[in-house]
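These notes concern the structure reproduced below.
The values are calculated or read from the model by the stated rules, or taken from the named source; none is laboratory data. Please read all numbers here as calculations on a predicted model, not as lab measurements. Don't worry about glycine lacking a Cβ; one is built from the backbone with ideal geometry, like all the others, and counts go over all protein chains shown.
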Amino acid sequence: MLTRFPTDRPETPLLDEIEHPGQLRTLPPEALIELAEELRTYLLWTVGQTGGHFGAGLGVVELTLALHYCYETPWDRLVWDVGHQTYPHKILTGRREAMLSMRHRQGLAAFPLRRESEYDTFGVGHSSTSISAALGMALAAQGRHPQRRVCAVIGDGAMTAGMAFEAMSHAGHLGTDMLVILNDNDMSISKNVGGLSNYLARIWSSRTYIALREGGKRVLSTMPTTLDFARRTEESMKHILHAPGTLFESLGFNYVGPLDGHNLEELLSTIANLREARGPQLLHVYTTKGKGFEPAEVDPIGYHAISKIAPVQERLTSQNIPKPLKYSEVFGKWLCDMAHADSRLIGITPAMCEGSGMQQFAREFPNRYHDVAIAEQHALTLAAGLACEGEKPVVAIYSTFLQRGYDQLIHDIVLQNLDVTLGIDRAGLVGEDGPTHSGVFDLAFMRTLPNLVIMAPSDEAECWRMLNTAYQYPGPAAVRYPRGNGVGLPPPPSLECIAIGKANKRRHGKNIAILAFGPLLHSVLIVAESLDACVVDMRFVKPLDHALIDELAGSFQLLVTVEEHQRAGGAGSAVAEYLMEKNLHIPLLILGIPDRFIEHGSPAEMLTDAGLDTEQLQRSIQQRYALLQSVPH
């Protein structure tokens with residue numbers, strides 16, 4: 001077992017010969033064991049060079065090989081869920097050498113991407129979509145390509161989402177030919193992980209058994225009592241072995257498993273059989289997240305994803321430079337402080353404890369902490385129910401995951417004007433994870449909602465104050481903050497609030513007034529120095545500081561809004577609507593993300609692509625002001 005990342009490119013003679021899965025299928029099955037080790041070592045080396053998702057990929061090496069060996073990809077459709085587990089898939093499908101560009105600007109995406117490869121059958125970034133997409137592909141194949149086979153691989157917690165079960169219920173109702181593989185790397189399996197369980201898994205997936213099972217149903221359908229007895233006998237056998245298949249069987253799937261997901265011989269024979277089976281099939285495999293790399297096996301959460309492994313001297317140098325707090329750390333510290341001050345506080349997250357900075361809260365207040373798994377809709381309505389009974393729920397949720405709970409935000413929280421605080425993490429451009437994770441639409445879909453207060457902090461101290469303000473506000477309130485570190489302004493040691501809807505003028509100037517929403521304020525302050533412009537930290541997207549806007553509209557020649565959000569429907573649009581409503585005639589320049597998706601890269605590269613780096617902000621403002629000056633009054 002490996003215990004450290006390879007520093008030089010490892011020798012992978014078998015893997016180097018595989019440019020596409022067709023070549024993989026020419027190998028004898030016994031060669032796949034050696035190939036699996038080469039693939040795992042190569043994955044360690046490349047992710048060590050680039051950073052990225054890590055543990056899940058190590059856990060599906062054997063499963064990935066078996067799937068591409070048994071299925072005629074890309075003719076057959078292989079649909080991955082979440083995307084964390086697809087690095088081995090990318091290596092085997094013609095992108096081996098390009099792995100060193102992973103997550104870099106114009107390099108490979110961190111998730112499956114249809115335009116990147118014909119083997120990426122469905123674009124993935126959020127979880128629990130694979131079964132729905134695979135069912136759609138299977139239904140299309142029935143009419144056009146009846147020989148095509150479709151397989152969905154779901155795991156890493158994605159089966160906890162309701163969408164997965166909605167898709168399975170529909171597939172079971174239709175009786176569609178498809179295979180769903182549940183990659184289970186977390187469930188505790190004890191006695192059924194053994195020879196008898198694996199043997200019966202092979203039996204249940206065999207063509208002979210399936211043929212007898214379906215043929216027997218047809219024969220016994222004329223004898224209902226006997227058919228019912230046979231069905232109960234089969235179910236009892238599975239219950240005896242503690243196989244968790246009853247739920248899937250009730251949804252109309254033939255359940256097979258659990259199977260050792262690292263045993264290539266068993267995987268190959270079982271998947272080959274299930275590829276030819278008719279009707280919905282579910283194969284349950286258990287795998288070890290981080291398989292083959294001891295640190296990741298011991299700490300699967302810590303090694304879910306890693307940063308680039310820097311040279312030793314670079315690491316030593318960086319350790320001596322203190323970094324500002326991450327916004328998620330600010331949220332976590334605030335949550336604990338407020339929980340100590342108010343016993344009504346309840347923390348809720350949809351499977352993002354570590355990402356949202358809630359580890360300490362979960363340890364200190366286990367009875368007031370609820371991780372609801374990948375169930376964003378439930379998280380919001382759970383908060384609504386708690387608020388109905390006088391509790392003070394705080395929901396920690398990523399901006400792009402809040403999209404999934406939009407109906408619940410409207411119907412269950414805002415419509416009832418319930419006292420729920422939303423800590424919206426990953427607002428704005430997030431960097432290497434790319435557009436699937438960039439939180440650039442939340443202002444547009446939130447600010448249309450009555451009763452909801454929306455705040456955008458410019459630094460860590462403002463984030464702390466706004467969280468206090470949102471919590472004390474007797475209704476729904478949201479604080480949206482970015483991924484990563486702040487600017488080095490520590491949170492105040494108090495639970496002070498700020499006045500609702502009150503902006504903060506940060507710089508006096510003339511001719512031009514710049515209204516900044518969120519952390520781009522600090523770039524705006526740099527630009528304002530050269531333009532001698534007025535700068536306002538707007539703080540609130542809703543309600544806007546109308547009195548200040550009135551004052552600025554009467555005192556300046558140009559208003560500029562700046563936000564790390566889509567221009568369409570964002571904070572700048574709110575300002576434009578207000579100016580129009582009040583018939584205030586002043587030129588307005590809205591600077592934000594243009595009407596397109598910004599591709600992955602570093603956060604700085606994505607800002608540049610969006611035209612929001614300091615240089616382009618200054619140029620855009622200067623050009624608009626110069627145009628105004630050239631027009632005769």
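Looking across Asp433, Asp419, Asp425, Asp407, one residue alone is under 21 Å from Asp537 (Cβ atoms) and among the acidic types (Asp, Glu). It is Asp425. Could you tell me which residue of region 398-450 is farthest from Val82 (Cα to Cα), considering only residues that are within 14 Å of the chain's Cα centre (by Cα) and of a type in the set (D, E, K, R)? Among them, the one singled out is Asp425.
Going through (1) surrounded by 22 or more Cβ atoms within 10 Å (Cβ to Cβ); (2) of a type in the set (Gly, Ala, Ser); (3) over 38 Å from the mean Cα position of the chain (by Cα) one by one, Gly570 falls short only on (3).
Of the residues Ala396, Ala384, only one is farther than 20 Å from Thr469 by Cβ and of a type in the set (A, V, I, L, M); which? Give the derivation first.
Details: Ala396 fails: farther than 20 Å from Thr469 by Cβ.
That would be Ala384, the only listed residue that is farther than 20 Å from Thr469 by Cβ and of a type in the set (A, V, I, L, M).
For region 470-504, filtering for residues that are surrounded by fewer than 22 Cβ atoms within 10 Å (Cβ to Cβ) and not in a loop (DSSP other than H, G, I, E, B) leaves 3.
Take the conditions (1) surrounded by fewer than 21 Cβ atoms within 10 Å (Cβ to Cβ); (2) in contact (Cβ under 8 Å) with a residue 40 or more places away in the chain; (3) in contact with a helix residue (DSSP H, G or I) (Cβ under 9 Å, 6 or more places away or on another chain); Glu563 misses just one of them, which is (1). Taking the numbered list (1) over 19 Å from Ala503 (Cβ atoms); (2) surrounded by fewer than 23 Cβ atoms within 10 Å (Cβ to Cβ); (3) at pLDDT 95 or above in turn, Val631 passes all entries but (3). From the set of residues in region 419-439 that are touching a Ser or Thr at 6+ places or on another chain (Cβ under 8 Å), assigned to a loop (DSSP other than H, G, I, E, B) and on the phi < 0 side of the Ramachandran plot, which is surrounded by the fewest Cβ atoms within 10 Å (Cβ to Cβ)? Per the criteria, the residue is Thr436. Each residue in region 440-458 was checked for being in a strand (DSSP E or B) and either surrounded by fewer than 24 Cβ atoms within 10 Å (Cβ to Cβ) or in contact with a Leu (Cβ under 8 Å, 6 or more places away or on another chain) (or both), and 2 pass.
Total residues in region 507-522 satisfying the condition of being surrounded by fewer than 20 Cβ atoms within 10 Å (Cβ to Cβ) and within 38 Å of the chain's Cα centre (by Cα): the figure is 2.
Met338 fulfils the conditions (1) free of Cβ contacts under 8 Å to residues at least 24 places away in the same chain; (2) closer than 21 Å to Pro474 by Cβ except for a single criterion, (1).
Of all the numbered requirements in (1) in a helix (DSSP H, G or I); (2) touching a residue at least 24 places away in the same chain (Cβ under 8 Å), Thr608 misses one, and that requirement is (2).
Being of a type in the set (A, V, I, L, M, F, W, C), touching a strand residue (DSSP E or B) at 6+ places or on another chain (Cβ under 8 Å) and closer than 20 Å to Lys505 by Cα is the requirement here; does Leu612 meet it? Walk me through it before giving the result.
Values: of a type in the set (A, V, I, L, M, F, W, C): yes; touching a strand residue (DSSP E or B) at 6+ places or on another chain (Cβ under 8 Å): yes; closer than 20 Å to Lys505 by Cα: no.
No; evaluated as a whole, the condition is false for this residue.
How about region 530-553: which of its residues are over 34 Å from the mean Cα position of the chain (by Cα) and in contact (Cβ under 8 Å) with a residue 12 or more places away in the chain? Listed by number, the residues that qualify are Ser530, Leu531, Asp532, Ala533, Cys534, Val535, His546, Leu548, Ile549, Asp550, Leu552, Ala553. If you go through region 377-397 and pick out every residue that is under 23 Å from the mean Cα position of the chain (by Cα) and either assigned by TED's automatic domain parsing to the domain that holds Phe165 or touching a residue at least 60 places away in the same chain (Cβ under 8 Å) (or both), you end up with 4.
Filtering region 341-356 to residues that are over 17 Å from Tyr481 (Cβ atoms), buried (at least 18 other Cβ atoms within 10 Å of the Cβ) and either at pLDDT 95 or above or basic (Lys, Arg) (or both) leaves Leu345, Ile346, Ile348.
Output the residues belonging to region 515-560 that are in a loop (DSSP other than H, G, I, E, B) and either closer than 17 Å to Val479 by Cα or modelled with pLDDT under 95 (or both). Don't jump to the end; show me each part of the working.
Step one: filter region 515-560 for residues in a loop (DSSP other than H, G, I, E, B), giving 518-520, 532-533, 538-539, 543-545, 556-557.
Hits for region 515-560 are Gly518, Pro519, Leu520, Met538, Arg539, Pro543, Leu544, Asp545.
Residues checked against (1) at pLDDT 85 or above; (2) of a type outside the set (A, V, I, L, M, F, W, C):
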| site | (1), (2) |
| --- | --- |
| Arg275 | yes, yes |
| Tyr286 | yes, yes |
| Asp299 | no, yes |
| Ile309 | no, no |
| Arg315 | no, yes |
| Ser318 | no, yes |
| Pro324 | yes, yes |
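For region 335-373, name all the residues that are part of a helix (DSSP H, G or I) and either within 17 Å of Asp419 (Cβ to Cβ) or outside the structural domain of Gln472 (by TED's automatic domain parsing) (or both). Matches in region 335-373: Leu335, Met338, Ala339, Ala341, Arg368.
Do we find that Pro393 is under 21 Å from Leu495 (Cβ atoms) and modelled with pLDDT of 95 or more in this structure? Yes.
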